[in-house]
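Down below is the structure, laid out as structure tokens.
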Amino acid sequence: MKVVIVGAGDVGFYFAEWLSSEQKEVVVIDKDENALRHMTDHPDIQTLHGSGSNPRVLEDAGVAKSDFILAVTDSDEVNLDAERCRTVAGKLHCALAFPYLPIQHERRKL
């Protein structure tokens, strides 16, 4: 099973680590190279630098051959664009776009 995750923050990292431990093929996309560096400790997780709202980046990540796409960035636009690209992948089983809730982000700072 192949999963593409858009967003290498806390949520994306959690899902990538968990799915990788379950022997799934995982590709993580993020425009922040520093966020992707956290994934380098996990050789089973592939990373791709770029925007998850860019169809070419999603194509390079293998969305057409993926079973799932999880969009978990802090940008609702990027999350929804990535989710919409699921139509590119004929066999995609599920696309999830998580809304970004700034109130949750602000609570973490407290």
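Taken together, the values in this text are just the output of simple stated rules run on the coordinates, not laboratory data. Not measured: the values here are computed from a predicted model. Cβ placement follows ideal geometry from the backbone for every residue including glycine, while neighbour counts extend to all protein chains displayed.
Building the convex hull from the alpha-carbon atoms of segment 1-89 and averaging its projection over directions returns 4.7 nm². Projected label points at Asp67 and Met1, each 7 Å from Cα along the beta carbon direction, are separated by 0.4 nanometres. Counting every other Cβ atom within 10 Å of each residue's Cβ, His42, His49 order from fewest to most as His49, His42. Rg and Dmax over the alpha-carbon atoms of segment 7-57 stand at 10.2, 28 Å.
By the count of neighbouring beta-carbon atoms within 10 Å, fewest first, Val3, Val28 end up ordered Val3, Val28.
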